[in-house]
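Below is one structure, written out as structure tokens, with a few remarks after it.
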Amino acid sequence: MATLSLWTSFLVVVGFRLAVASAAADTIVSNDTVFLWSHTNHTIDVDKDVARARWQNRGSWQALRIVKAGGVGAISSGELVFIKGHTGDCLQLKPDTVAVAALPGRCPTWNISHADNRLGLIKSGDSISLMLTHMHRYLDIHGDEDGLVRAQWNFTGTWQTLVVEREDPDAVMAGEHITLAAHTGALVDAQDKLVRARWPQVGAWRAIVLEADENLGPWMQSFAIYGGDGRALYAGDRVTLWAATGKLVDVETQVARARWDKSGIWQRFHIEKKGGGVIRHGDPIFLKAHTGKYLEVRGEAVEAIGELPTDAGTLVINLAGSQDRTAYRQCAVMAVLAFGTISVLVYELCQPRAPAPKGGAPRLEALDAVRWIASVQIVLCHFYDYTWGCAWTQFFFVLSGFVLSYVEMARPVGKGPQISQLRYVTHRAVTLYPTYIVTLVVGAIQWSGHSALDWMTLPLHLLLMQSWFPITYKKLGRDSWQWSGLQWAQVSWFVSVLVIYWLMLRPLTRRVRRMSLTSCCCAAFTLWAISAAWWYLHDVLMRGKHECEDASQRCFALFNQYVIYHGWLGMLHVFVSGIVMARIFILTSMKDAEVGGPVTADTQRLALDPKRAPCFFRFGCCLGYLAFGLLVVLVGKDGYHENVAFYHNGGILPVMLLMLVGGSLGEDPMARYLFQNRVFKMLGRISYAQYLIQFNVWGIVNGLFPKGHAMVSPKVVFPFALFVLSYIMERLVTRVGNEWLKPSKEKQRTSSVNRVVTWLESKCACRATEQPAESSAPLPLASADLKAPPVAPPEAPQGITLLESNPHPPTDGQTKKSGDIKANAVSDAQTLDSRYSSPSHGDPYASSSAPQHQQVPAPGLSCFARDITLTRNCI
């Protein structure tokens, strides 16, 4: 049931987005093809590079592409847009003139608004005006003989009024392969110079049952239609039909045939439709021959005998299945994806439950599902026009800060591995690197057109340093500035940012763990308020005062892309808020697992304590997702775009922190009954791979299901392909890579990465200082009847102080246990130091003649390791 609910909800979201898109079919959206009609009833065309308004056509010269400046989605009145001609160049003023032309180079922005100055979305058929923003001149058409388009006045009137018409994306385009379904249910086909309607709906789905004859198959029922202005077809256009045999359909007197490959009056038909307008796929149409008669289907014969449009002459026009083997390939791909999805779910459901880990802090199982949901939200933002999904990028940073600092704070004093900062960051990076490097290589092969500057920044991507530096440049032939961090693996910038945050994690954790509950709450509120500061810098200063919202401006790539959206500085407060929330979670929702009381400095093992947790923590997931849903409904898409820096960079932190603590406690109904089942645990494992390879999978799906030749929409196939390929990536790349890169205690081997880190640490080794001989002798272990040696213990390896003081006086048993623990910590630390002081360990600074009291540092303890202080001075 959980599996069914999961995929049903996902498909409902996808279907909802598609339904919204179809309901708003007349809304002008970024990257739409439009036609601009002047007051003279002529459409603007681009001939060579000059813009004119001369004809009443909707051809290739008249097709203009409208692009929203600095964003995607529907275009509203008052927004800035680019206007591009069929050559790909932008409309702008010719130098030293007032004439508008399509010229290469920098794309200027045009302010699009309703002619009557009303607000709202721009829709097909609206009267609009276009103002060149940097000169405050409106595009105008005089209506003279040459039809030149100019921009010379700073006011609007009849000359400046245009009617925008959107080219219907579902329209039948000239040159497409179509099928014609007769009223009998049979498809019109051409064979042996005869045009007939014999087989009912063969199509691509039933192609496999046809005879194994190269002259038979669904291609017999496919016709290439040409005519009109060379683009979308409209009722009344004159068209020609090319059969798969390479001949044109013709009518000499009455019978339809396909005999010649030259076009003449016999081969011309007028396409008609009830109500007129654009011809769309699935529309019933009528074909009128040069004789003035309409084609009709009588039995299997196709003849031009109709005086008027009738049911017998109705032909339903649809996009034909692929020619050659594309349809078979698409069927095979869908079958493989369906089998793979079912197999993965069945396999995971049949796996035995893993035993719960013993000792240490409890694992927060439900957070895996929450992480996968965040990944899905971002995928919906990128490919299904779900704007609010982009705000979930911050969740990965707050989750990382929360989980990693929780592990550090929950570790008992003096326990756990003592590793250097370099080794700690390397250990974290190795977990993610195999999947990342495979994504990088696949992207480099998949997408061409990389410039020399892209190749120069590739080493930064290989070292996970692409988000560290503000490197911006322009590619040859392009006018937009680009930031180097987004060039190879577009969404992998967050991994590079995480590397910087990992370097900060342990120092920040040591300071946060000394904070009281009140201080943590104040810090969390302050960190949330920083989001408002980013909003002021981006939306008020940069977009408002400095008008930096155009990709053709370098400040856009430098400030928007690097500083705010994809750089380490813009998300730093989000990451720190996760660390602070981990401290609040431990103080309010956990207890000492051995004594059952509050967490103290002597706590050895933690346990969840839902009864002590605040009520809104126990229902955090339900409240968080409900609050987010209300925010999406009440604020909407336009509200998000108006304050994008606030919502994208921490504005919804309270909502996400609620989800974190609700999933961590596991008492929330969603966390208990939904997020902790096997399917969601598996989805949590593949969430990282799903996030990284989303653009690679999207490119593969669109290549296999191209527009105009796809049996189903790529948006339907994409989620299944992403799920299956993410699972394969996690099993064969992530797991295998981690097994190879990480050292194995069972197999007594060290990885290549471990050897490199050890070598780097040896280059920054610590030099020991002489100490009194008695201080270097190992201390005996404390026992029940033996007190700990009167030697002050060294500083705790991790400096962990879960609470500043214990408000409850300890009992005799607790005092005794505390003394044992401290004595053991001292003995373990000195034993570790004496073990590495042996010359046989292979340390480059060891010597057989070294005095007994001289201590040589371990190779794993470098200048980065400031967690252990054993009277050493680093070189």
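Values computed for the structure shown
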item	result
Peptides ranked, highest mean first, by Cβ atoms within 10 Å: ranges 312-320, 600-608	312-320, 600-608
Amide H within-cut-off set for Ile419, under 5 Å, with H built and near neighbours excluded	none
Region 264-350 - percent relative contact order, Cα under 8 Å, separation 6 or more	21 percent
Full-stretch length increase - Thr758, Glu300 - with 0.36 nm per residue and alpha-carbon distance subtracted	156.7 nm
Over region 64-170, equivalent-ellipsoid semi-axes from the Cα gyration tensor in Å	20, 17, 14
Ile285 long-range amide H proximity, modeled H, under 5 Å	Leu315, Val316, Ile317
Distance between modelled label sites at Trp455 and His382, nm, 7 Å Cα→Cβ extension	2.6 nm
Hull volume in cubic angstrom per residue (convex hull over the Cα atoms of region 632-728)	168 Å³
Protein accessible area in region 629-709, 1.4 Å probe - carbon and sulfur %	64 percent
Dipole in debye (nearest 20) - region 557-628, about Cα centre, beta carbon charges: Lys, Arg +1; Asp, Glu -1	160 debye
Nonlocal amide H pairs with Asp140, under 5 Å, H built at 1.01 Å	Arg150, Ala151, Gln152
Whole-Hz couplings from phi, Karplus 6.51/-1.76/1.60, listed for region 43-60; x for Gly and Pro	8, 5, 10, 10, 9, 6, 10, 8, 8, 9, 10, 10, 10, 9, 10, 10, x, 5
Under Karplus coefficients 6.51, -1.76 and 1.60, residue-wise ³J(HN,Hα) of region 113-130 in Hz, glycine/proline x	8, 5, 5, 8, 6, 7, 8, x, 6, 7, 10, 4, x, 6, 8, 10, 9, 10
Computed label-point distance, nm, for sites Val635 and Ser516 using a 7 Å Cα→Cβ extension	3.4 nm
Cut-off 20 Å, label 7 Å out along Cα→Cβ of Ala338, residues of region 665-702 by amide N	701-702
Sites Leu119 and Asn31, calculated FRET efficiency, Cβ-Cβ separation with R0 30 Å, nearest 0.05	0.85
Using a Förster distance of 41 Å, the FRET efficiency for Arg363-Trp447 (Cβ separation, nearest 0.05)	0.60
Estimated distance in nm for a label pair at Arg329 and Thr245, the labels positioned 7 Å out from Cα along Cα-to-Cβ	2.9 nm
Surrounding net charge for Arg150, when Lys and Arg each add one and Asp and Glu each subtract one, Cβ distance under 11 Å	0
Accessible area expressed per residue, region 576-683, with surrounding protein chains retained (probe 1.4 Å, Å²)	36 Å²
Environment charge of Phe616, counting only residues whose C-beta is closer than 13 Å and scoring Lys/Arg +1, Asp/Glu -1	-1
Linear extension gain, Met135 paired with Arg238, 0.36 nm per residue minus alpha-carbon span	32.8 nm
HN-Hα J in Hz across region 560-577 - Karplus 6.51, -1.76, 1.60, θ = phi - 60°, x for Gly and Pro	5, 6, 8, 6, 8, 6, 10, x, 6, 6, x, 10, 5, 5, 5, 5, 5, 4
Sum of side-chain charges, Trp260 neighbourhood, beta-carbon under 14 Å (Lys, Arg +1; Asp, Glu -1)	+3
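The values are calculated or read from the model by the stated rules, or taken from the named source; none is laboratory data. Predicted, not measured: the structure shown is a model, and the values here were computed from it. Glycine gets a Cβ as well: all are built from the backbone with ideal geometry, and neighbour counts include every protein chain shown. Quick note on the areas: whole protein, heavy atoms, side chains included, nothing else; ligands and nucleic acids left out. Shrake-Rupley method; radii C 1.70, N 1.55, O 1.52, S 1.80 Å.
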